[in-house]
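In what follows, a structure is listed as structure tokens, so that the remarks can point back to it.
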């Protein structure tokens, strides 16, 4: 087990190192200004890497699948090529032998497995990277679904977490991703979210939450779980008959109105995505079923996100800032929601938001082939790529869930007018509730604020604006130099070790030329390493001295 775990960690880390070396090689061989051919070659390289990642994820399972799904909504971290490939990554793997699942059932349920659960079909009806689902019956004849955690899945994921920690360390030290993203926070998010899925008791808790939240909604139901049979590795719930909600032939055969089903889903998702609370973060077609009477069934509550009450208020503040043309307020709201890291170029972010709003007001945003719209999309992608913009995990899940939900509605009822359906929902949301003040109240208060005090932003700009901008430029330059020195000192140290090894081999095998080559290369590489090391230390001292001044 230890040998397999080490091999697994090394294979994951080596895959990422190879990707990094391929990218460094590409930049070394191409000029700083790319022509159309350079761009095509770059796209081809990223496509090749994305396909290799997906192939390895489908082969190895574990964290690679979950991480791929997690990153598929992270336009702030990955290029479009990777995101397109990750979107098609399906969490379906080969089922393990039933003997493993049965051993887990006996260990988790004890004698209740023998006494209460009967006629369990040993062939899994569904198999994913974390759990497998079996069909069975309770002693009283009730048909149930039994979800069992995969054999050794916890050990596999914990090994993958170790590999991910090494990968994030390399990315943080040797790439520009570490500069624009808080990779330590991202690692914590990934481990926290996926560890939550490894504890089935959390899924039971989420299912109970949704059942309570939907208790007054007769159109959407959640299967009944049996807490006495549920543990950290086993879940038992009612068996639900139905078809995928996107099976339009079934909807037509049962004479179920597609428009009504789409509207029910739209109402459900709107409530989740706009108001504080927990939301279903994985609403794909396999997790939502439709019954013959038109009722919608929600399944699989392992992956959820949370919209905090404060986040709802911050979002209102951002919209309020857009309405008042106060983009400093918009930026502050984005900071509060942790969309922007401290080193973000706020002027550039404000400019792209303002341009988007102006295009919308001018009616140009709806025309997909206008030059202005295409230019805006390019600028937006550039800002997301270059700036320290990082989506918090729950907002990344929210974006993914919104995308999946819109896709479901479009498949079920392609003629759906989401704008018309959304207008009354958005108006109610903007008016606020008893707990949240109305956006209109906030707009009135902010409209009076300029008459009560001199804007601090003007004072800051007049007194310290140029100094701050100069400091930001120097900071970015120093970060790039630090990455340059760190990468090449590590590389030269590795080459020096390889040269020493070559010389030792010459001594062992009494080969003079090997000894000479090893000695000469060791002298050259170590000398270069020493020069870079000294220059790096001097640079750091200079930076510290400047900071003190």
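Couple of notes before you dig in:
- Boolean, residue 223 is assigned to a loop (DSSP other than H, G, I, E, B) and in contact with a strand residue (DSSP E or B) (Cβ under 8 Å, 6 or more places away or on another chain): yes
- A single member of 297, 304 is closer than 21 Å to residue 147 by Cα and out of contact with any helix residue (DSSP H, G or I) (no Cβ under 7 Å at 6 or more places or on another chain), and it is 297.
- So residue 118, is it touching a strand residue (DSSP E or B) at 6+ places or on another chain (Cβ under 6 Å) and either within 22 Å of residue 202 (Cβ to Cβ) or surrounded by 16 or more Cβ atoms within 10 Å (Cβ to Cβ) (or both): no
- Residue tally, condition closer than 23 Å to residue 4 by Cα, touching a strand residue (DSSP E or B) at 6+ places or on another chain (Cβ under 9 Å) and modelled with pLDDT of 90 or more, over the range 133-167: 2
- Residue count for the range 335-355, restricted to those that are surrounded by fewer than 20 Cβ atoms within 10 Å (Cβ to Cβ) and in a helix (DSSP H, G or I): 11
- For the range 20-91, the helices (runs of 4 or more DSSP H) that sit wholly inside it and include 1 or more residues that are within 13 Å of the chain's Cα centre (by Cα) and at pLDDT 80 or above are 63-71.
- Within the range 147-167, the residues that satisfy the criterion of being outside any helix (DSSP H, G or I) and within 25 Å of residue 207 (Cβ to Cβ) are 147, 148, 149, 150, 151.
- Residue-level analysis places residue 224 outside the set of residues that are within 20 Å of the chain's Cα centre (by Cα) and surrounded by fewer than 20 Cβ atoms within 10 Å (Cβ to Cβ).
- Number of the condition not met by residue 325 [criteria: (1) at positive phi; (2) in a helix (DSSP H, G or I)]: (2)
- Counted residues, the range 483-516 - those being surrounded by fewer than 16 Cβ atoms within 10 Å (Cβ to Cβ) and more than 27 Å from residue 20 (Cα to Cα): 10
- Test: residue in the range 248-266 that is under 26 Å from the mean Cα position of the chain (by Cα), within 30 Å of residue 105 (Cβ to Cβ) and at pLDDT 90 or above: no
- Residue 334 being within 24 Å of residue 401 (Cα to Cα), touching a strand residue (DSSP E or B) at 6+ places or on another chain (Cβ under 9 Å), assigned by TED's automatic domain parsing to the domain that holds residue 400 and at pLDDT 80 or above: yes
- Conditions (1) touching a residue at least 12 places away in the same chain (Cβ under 8 Å); (2) part of a helix (DSSP H, G or I); (3) surrounded by fewer than 15 Cβ atoms within 10 Å (Cβ to Cβ); number of the one not met by residue 210: (3)
- Residues satisfying the stated conditions in the range 108-124, i.e. closer than 24 Å to residue 155 by Cα and without any contact (Cβ under 8 Å) to a residue 12 or more places away in the chain: 110
- Test result for residue 148, touching a helix residue (DSSP H, G or I) at 6+ places or on another chain (Cβ under 8 Å), outside the structural domain of residue 486 (by TED's automatic domain parsing), in contact (Cβ under 8 Å) with a residue 12 or more places away in the chain and over 24 Å from residue 190 (Cβ atoms): yes
The values are calculated or read from the model by the stated rules, or taken from the named source; none is laboratory data. Computed from a prediction, not measured in an experiment: that's the story for all the values here. Cβ atoms come from the backbone with ideal geometry, glycine included; neighbour counts cover every protein chain shown.
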